[in-house]
Every structure is written in C-alpha cells, then in structure tokens.
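Working notes for the structure below.
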Amino acid sequence: MQLINLTAFKVTFALAAGILISHFLAVPLVLLHKLLSVSFILLVFAWFRSRKMLVQDLVFGSTALISLILLGMWVHQMHQPKNHSSHYTNQLQVDEEQLLQLKIKSPLKPDLFNQKYIAEIHYAEHQKVSGKILLLVTKEFGQEYFQVGDVLLAYTRFQELPSPKNPYQFDYGAYLNKQGIYHQLQLRDSLLIQHFKGSPGLRGKAAVFRDNINKELINNGFEGDALALINALLLGQRQELSQQVYSDFAAAGAVHILAVSGLHVGIILLILKFVFKPLERLQSGKTIKVITIIICLWGFAFIAGLSPSVLRAVTMFSLLAIALESGRTNIRFSSLLASAFILLLINPNLLFHVGFQMSYLAVFAILWIVPLFEKRRPRYKVLSVPFDIITVTLAAQLGVGPLSVYYFNYFPGLFFVTNLVIIPFLGIILGSGILVIILSKISVYHPSITEAYTYILNKLLAFIQWVAGQDTFYFDEISLSVPQVLSLYLGIIAAVVMFQSFKVKTVLPVLFSILLIQATFIFEKIKTQNNELVIFHKSRNTIIGIKEANHLTVFSNLNDSLIDAERMLKNYKTKAHIHSIDIKPLPNAFQFGEKTIVIIDSLMLYPVSKKGVDVLLLRNSPRLHPERLLDSLNPKIIVADGSNYTTYVTLWRDAALKRKLPFYHTGKEGAFLFK
C-alpha cells in the first residue's frame with residue numbers, strides 16, 4: 001500500500017503507538033525525560049550519518065521510530081494532570097472539606113436533579129492549585145445558573161466520581177478520567193460563599209456570543225424542536241434536544257448530523273469553495289481563496305463554541321482545504337495525518353475520544369475508497385450526484401461501522417436512504433441557518449423567515465421520524481468485542497486492497513481475514529456459554545438474573561413491562577449475548593448450581609436451614625434482629641441490594657463485622673456476581 005510508505009503515516013502511527021503504550025503501561029515521567037533526551041541525541045547523530053551514505057540502512061529510520069514512540073509516551077504523561085505538582089490531588093487532603101475558588105469552564109447536559117459544569121480549581125485554602133472537576137449544582141439553587149467564566153467561592157468536600165453499578169454499564173467516571181477529571185463537587189446554596197463574574201476567556205466569549213444568538217432566535221419566534229435543531233446543527237449545543245428526537249435520528253442513521261463535526265465543517269468548506277471561487281481570477285487568487293476559507297472556518301468554530309469536536313474538525317479541514325487545491329491524493333492523506341499528529345501532540349487524550357476516532361476513520365475511508373469508484377461514475381449529473389452520495393456514505397460506513405456498533409450497539413439499515421435525502425439538503429439547511437443567524441444579529445429580519453426555516457426543519461424532522469419508524473431495518477442490541485472489531489477492519493482493508501488490484505497476493509489476505517473473522521466470532525460465542533448469578537443494583541427494587549449460556553431468568557418485584565424497559569437489563573442482554581428471557585416473581589429461596597440463596601424482605605419470612613445457606617440476600621430493609629437470623633441461617637456471605645435503607649445496611653454490616661462474615665452492598669460495590 002502506498003499509504004504505508006507516506007512519511008506522515010509513519011510519523012503519526014509512531015506517535016499514536018507511543019500514546020497507547022503510555023496509556024496501558026505508565027512509565028515514570030522522570031525516566032521518560034531521560035529516554036527521550038538520549039533518543040533525540042542519537043537521532044541527530046543518525047541523521048548526520050545518513051547524509052553521508054549513498055545507500056540508506058535502517059539506523060536512521062529505526063532511531064526516528066523509537067524517538068517518536070517515546071515522544072508519544074512523554075506527551076501522554078505530560079498531559080496527565082496528576083503528574084504536575086500543582087494539581088490539587090498532590091497538594092490537598094481530598095477527603096476533607098476545603099475552601100475552594102472555582103471557575104466555570106463549560107456547561108454539560110443536566111440530569112434530573114443537577115445542573116452540571118466542568119470547572120477549574122484555582123485556589124484551595126488560599127493555596128494556588130490546578131485541576132478540573134465535575135461540578136453538580138442542585139436544581140433548587142436559589143439563583144440563576146452559572147455562565148462560562150463565572151468565579152465561585154465555596155466550602156465543600158471532594159466526592160468520588162460515579163462508578164458503574166451494574167455489568168456493562170457505561171463508566172462515566174472512567175470517561176471523565178480520560179479528560180483529566182478525577183472528582184466531583186456537590187454545590188448547594190448553603191455551600192456557596194461568593195459568586196462573581198470573572199474573565200470569560202475566548203471560550204467564555206464564544207459562549208456569550210452563542211447565548212446572544214439563541215436569545216435573538218427566541219425573540220424572532222423560533223421554539224420547540226426547531227430551536228433545538230438550530231442549536232444542535234449550527235451552535236454545537238445538544239442540551240435542548242428531546243430524547244425522542246435524538247433516538248429518531250439514531251434509528252435513522254443520521255445522529256452524526258446533530259453534533260457539529262467533520263460532516264458540517266466539510267459541507268461548509270464546499271459551500272465556501274463555491275462562494276469564493278471568483279477570487280481565483282485575482283493574482284495569487286488561489287492563495288487568497290484558501291486563506292479566506294480558513295478564516296471563515298475558524299469563525300464558524302467560534303460561533304459553534306470552540307468545543308473539542310469543532311476544533312478537531314476545523315483543524316482537520318483547514319489542512320484539507322490547502323490539500324484540495326493541490327489535487328494530489330497523497331497530499332490529501334498527508335494533510336489529514338498531519339492534522340491528527342498536531343491534535344495528538346496538543347492533546348494526546350483525544351486518541352481515546354470516540355468522536356476523534358470516528359471522524360478520522362470516516363474521512364480516511366472517504367479519501368481512500370471513493371476514488372476507486374471514479375471510473376464507474378456516471379457522466380450525467382442527475383445520476384452522478386446520487387452516485388457520489390452513495391459512494392461517500394458507503395465509504396464512511398465502512399470506516400466507522402464496526403467501531404460504531406462496538407460503542408453504540410446498533411446499526412441503522414436505512415442509512416443509505418437517510419443520507420441520500422439529507423446530505424444534498426444539509427448544505428441548504430446549514431447555509432440558510434447561517435444566513436438566519438446573520439440576519440437576526442444585524443436586525444434585518446422578517447417573521448416569514450422564521451416560518452420558512454421552521455417549515456424546512458419540521459420537514460427534516462418528519463422525514464427522520466418516518467425512517468426511524470421502519471423498525472425492520474433498525475438492528476439494535478448487537479455487540480462486537482475488540483477482537484471482532486479488529487478482525488472486521490482487517491477484512492475491510494484487505495477487501496479494498498484487493499479491489500484496487502485483483503491478484504493472487506491480494507486475494508490471500510482476504511481469505512485469511514475471513515477465517516480470522518469467523519474465528520473471533522466463534523471464540524466470542526464460546527465465551528458467552530458460561531453460567532452466572534447477578535444481583536443487580538436497582539434503587540428501591542430488587543432484580544436478580546440467572547444466566548445459563550444464552551438464556552436469562554429474571555426474578556424481580558417489578559412487573560414485566562418495567563423489566564422490559566429496564567436499561568441495565570438491555571445492556572446486559574446485549575453484551576452477554578442473551579437470546580431469550582424468562583421473568584418470574586421473587587422466591588423466598590432458590591438454587592444456583594449447588595449454591596443456596598435465601599431472600600429476606602420486610603415480610604420477615606425465611607426457612608430454617610441446619611446446613612446453612614451460601615448467600616443471604618437482604619431486601620426492603622427487613623426489621624429482624626440480625627444475630628437471631630444469622631444463628632438460624634448461618635450464611636457464608638450477606639448481600640444487601642438497592643432496595644434497603646442506609647440505616648439498615650449499616651446495622652447489618654456491623655452485625656456481619658462482629659461475626660467476621662463477608663458483607664456486600666450493591667449500592668457501594670456494584671452488582672453482586674456469582675459464577
């Protein structure tokens with residue numbers, strides 16, 4: 001493959017490899033300083049040596065590769081906040097209450113009880129510190145919500161980030177850890193000492209500018225789903241989108257248009273190329289055109305809030321804008337890889353962001369696969385436009401499909417139909433939306449503009465809802481493991497290479513990848529044939545699952561409809577490859593293999609066992625004397641699920657401690673698993 005021979009590919013691959021190594025194998029920063037210094041000294045000597053050689057050997061290339069891997073490791077460790085002495089975890093006792101000065105950095109989507117923000121810690125007990133935290137502000141707070149740049153003085157305590165309480169649940173704490181956030185703060189009105197406006201910074205100014213735009217849109221009559229779509233498509237804010245709208249876009253295979261990303265920036269790039277094409281007639285017109293386009297792209301990034309996904313997309317397409325003027329495929333690849341290298345050098349943690357991975361895979365696949373169809377492209381525009389959309393959509397899906405299923409566990413079968421309709425009109429929607437924003441800002445506006453643009457957005461939403469309603473073509477609750485994803489990508493790469501040049505040496509890798517894909521799927525099927533007992537954590541309720549190969553028996557006090565809607569069971573069913581489920585009422589006791597499980601609830605009925613029981617499950621805060629019950633049942637372990645009050649959990653924990661019995665609380669340790 002010519003791509004592998006590109007210097008940009010080798011350099012970016014080596015840097016990414018170093019970041020991955022550092023992520024899984026933490027090497028002390030002091031040691032990395034020394035290794036990196038030595039490697040760069042050797043690299044300089046190797047470079048001078050290579051200049052004197054007529055035929056190059058592997059010394060310079062190998063030294064450069066090692067240096068870049070070490071650079072990736074060093075950059076990754078340098079970007080871990082805990083490696084800096086000023087970080088609050090290295091300066092404070094995080095389990096004590098602290099007087100903290102915080103600065104709001106960015107708002108997050110709220111939950112049922114709290115407004116959420118990312119905040120920076122500037123001072124703690126009059127000591128200058130650094131670090132980011134998750135700030136939770138109760139919705140009963142007696143004032144307006146905070147803005148980007150606001151400074152708060154509060155007396156509060158650090159709390160651990162939430163950990164997953166059930167199998168295969170999304171680990172929000174781990175996700176925040178990768179962004180350098182290790183704790184959260186709960187802020188109530190009584191804990192806030194002072195609140196004042198601070199210097200907002202560039203992102204804060206962008207947030208203020210965006211809020212002003214939003215107010216103008218509301219004043220001009222935009223509301224409901226239309227306003228939420230404008231915020232998502234143009235301003236990069238999805239907080240106001242309803243769950244139903246988001247689910248419809250996901251089912252239709254169009255969820256990618258709800259986040260300002262590479263697709264939006266790419267379409268805006270094409271619009272700008274068309275608008276500024278007359279500049280090419282000027283002297284040095286192409287250079288002026290590219291500079292103007294890049295300035296406009298970064299202006300759009302400012303309007304969209306300068307979020308990481310927007311900055312990533314604009315950086316990538318700024319370099320691609322330069323490359324597109326050259327018309328050479330290799331330069332396009334080099335520009336794409338150069339943008340990835342720059343972004344990873346600035347923030348190596350981007351490598352673990354889903355958006356970063358999918359953006360680059362999609363654009364890479366489009367640049368690599370679409371040219372293969374150039375010879376088959378129809379000459380007539382009425383056919384070439386849908387042909388281009390289909391080939392670009394196919395290439396993008398081949399690039400992100402396996403990874404998308406791995407992260408989101410669904411595949412929209414009608415993505416072709418959705419993109420065939422939406423992509424041609426998305427440019428109109430984005431262009432019209434930018435025009436609406438400009439007109440609203442300069443006070444040149446008429447109510448008919450609102451009516452017309454709302455009509456367009458409603459028609460878009462109606463089409464999405466129609467596609468989402470075709471349940472036959474929506475495949476959810478599907479799961480792929482890491483080996484399966486890697487084998488599928490190997491198969492896709494081998495197939496594309498074979499398509500480029502059909503030879504025996506290109507057919508063999510395809511056959512090998514098919515065998516590898518089959519092997520990974522067989523291996524995963526064998527892995528799921530185990531049996532296990534799961535006592536799930538569910539607040540105020542009890543859910544027990546017995547997995548026998550691909551069948552799950554659920555015992556619960558909830559009715560069937562509530563069990564069917566329970567998200568944690570859907571996650572478990574998908575990831576554990578469950579094919580069938582039986583739902584039964586809770587028994588007082590049952591067997592799992594040779595183990596006996598007894599359930600004690602508020603009715604306080606229990607069997608007497610001379611042999612003893614293996615697991616004693618407490619639910620609904622049983623008002624029993626612990627000592628008497630433990631004498632009767634003699635359990636090997638006590639488990640309290642989420643239906644118990646904290647006071648009763650503490651009572652039973654103390655009783656277990658006296659008898660030196662293991663005690664397990666699902667509210668603290670998560671679901672109880674027994675294999």
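Residue-wise test of (1) closer than 30 Å to residue 447 by Cα; (2) among the hydrophobic types (A, V, I, L, M, F, W, C); (3) in contact with a Cys (Cβ under 6 Å, 6 or more places away or on another chain).
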position	(1), (2), (3)
130	no, no, no
136	no, yes, no
139	no, no, no
160	no, no, no
165	no, no, no
170	no, yes, no
180	no, no, no
196	no, yes, no
213	yes, yes, no
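Given the options 98, 91, 77, name the one that is under 30 Å from the mean Cα position of the chain (by Cα) and not small (Gly, Ala, Ser). Only one candidate passes the filter, namely 77.
Pairs are defined by a Cβ separation below 9 Å, a sequence spacing of at least 6 or placement on different chains, a first member in region 365-391 that is more than 26 Å from residue 490 (Cβ to Cβ), and a second member that is among the hydrophobic types (A, V, I, L, M, F, W, C) and at pLDDT 80 or above; the pairs so defined are 377/387; 378/387; 387/373; 388/370; 388/373. Selection of first residues in region 200-228 that are free of Cβ contacts under 8 Å to residues at least 60 places away in the same chain and of second residues that are assigned to a helix (DSSP H, G or I) and open to solvent by 50 Å² or more (accessible area, probe 1.4 Å), restricted to Cβ pairs under 7 Å at least 6 apart or on distinct chains, gives the following pairs, ordered by first then second residue: 200/208; 227/218. Selection of helices (runs of 4 or more DSSP H) fully inside region 482-569 by the criterion of at least 1 residues being within 30 Å of residue 619 (Cβ to Cβ) and within 28 Å of the chain's Cα centre (by Cα) returns 560-565. Residues that are assigned to a helix (DSSP H, G or I), at pLDDT 80 or above, surrounded by 14 or more Cβ atoms within 10 Å (Cβ to Cβ) and more than 29 Å from the chain's Cα centre (by Cα) do occur in region 196-217, at least one of them.
Does residue 334 satisfy the condition of being within 26 Å of residue 213 (Cα to Cα), of a type in the set (Ser, Thr, Tyr) and open to solvent by 10 Å² or more (accessible area, probe 1.4 Å)? Against the criterion (within 26 Å of residue 213 (Cα to Cα), of a type in the set (Ser, Thr, Tyr) and open to solvent by 10 Å² or more (accessible area, probe 1.4 Å)), residue 334 does not qualify.
Can you find even one residue in region 59-80 that is open to solvent by 30 Å² or more (accessible area, probe 1.4 Å) and farther than 30 Å from residue 352 by Cβ? Checking region 59-80: at least one residue is open to solvent by 30 Å² or more (accessible area, probe 1.4 Å) and farther than 30 Å from residue 352 by Cβ. Remark: residue 421 falls outside the filter, which requires a residue to be open to solvent by less than 60 Å² (accessible area, probe 1.4 Å) and modelled with pLDDT of 85 or more.
Residues of region 109-135 that are hydrophobic (A, V, I, L, M, F, W, C), open to solvent by less than 30 Å² (accessible area, probe 1.4 Å) and modelled with pLDDT under 90: 124 alone.
Of all residues in region 264-302, those satisfying the criterion of being farther than 22 Å from residue 425 by Cα and either in a loop (DSSP other than H, G, I, E, B) or touching a Ser or Thr at 6+ places or on another chain (Cβ under 8 Å) (or both) are 279, 282, 283, 284, 294, 298. Just to verify a result, which residue in region 617-646, among those that are hydroxyl-bearing (Ser, Thr, Tyr) and touching a Ser or Thr at 6+ places or on another chain (Cβ under 8 Å), is most open to solvent (accessible area, probe 1.4 Å)? Per the criteria, the residue is 645. In this structure, residue 352 does not satisfy being touching a residue at least 60 places away in the same chain (Cβ under 8 Å), surrounded by 18 or more Cβ atoms within 10 Å (Cβ to Cβ) and under 21 Å from residue 12 (Cβ atoms).
Scanning region 547-579 for residues that are open to solvent by 50 Å² or more (accessible area, probe 1.4 Å) and small (Gly, Ala, Ser), we see that the one that is farthest from residue 406 (Cα to Cα) is 561. When residue 613 is tested against the conditions (1) under 19 Å from residue 656 (Cα atoms); (2) of a type outside the set (Ser, Thr, Tyr); (3) within 37 Å of the chain's Cα centre (by Cα); (4) open to solvent by less than 50 Å² (accessible area, probe 1.4 Å), the lone failure is (3). May I ask you to list pairs of residues, at least six apart or on different chains, whose Cβ atoms are under 8 Å apart, with the first in region 71-98 being over 14 Å from residue 35 (Cβ atoms) and the second being of a type in the set (Lys, Arg) and not in a loop (DSSP other than H, G, I, E, B)? Here the result reads 81/132; 86/128; 89/82; 90/82; 95/157; 96/157; 97/157; 98/157, each pair linking region 71-98 to a residue that is of a type in the set (Lys, Arg) and not in a loop (DSSP other than H, G, I, E, B).
Scanning region 570-608 for residues that are hydroxyl-bearing (Ser, Thr, Tyr), part of a strand (DSSP E or B) and closer than 30 Å to residue 410 by Cβ returns a single hit, 580.
The condition of being at pLDDT below 80 and either open to solvent by less than 60 Å² (accessible area, probe 1.4 Å) or not aliphatic (A, V, I, L, M) (or both) holds for only one of 245, 265, 260, that being 260.
The values are calculated or read from the model by the stated rules, or taken from the named source; none is laboratory data. From a predicted model like this one, the values you see are computed outputs, not experimental measurements. For neighbour counting, all protein chains shown are included, and Cβ atoms are generated from backbone atoms with ideal geometry for every residue, glycine included. Keep in mind that these areas ignore ligands, DNA and RNA; they rest on the heavy atoms of the full protein, side chains included. Shrake-Rupley method; radii C 1.70, N 1.55, O 1.52, S 1.80 Å.
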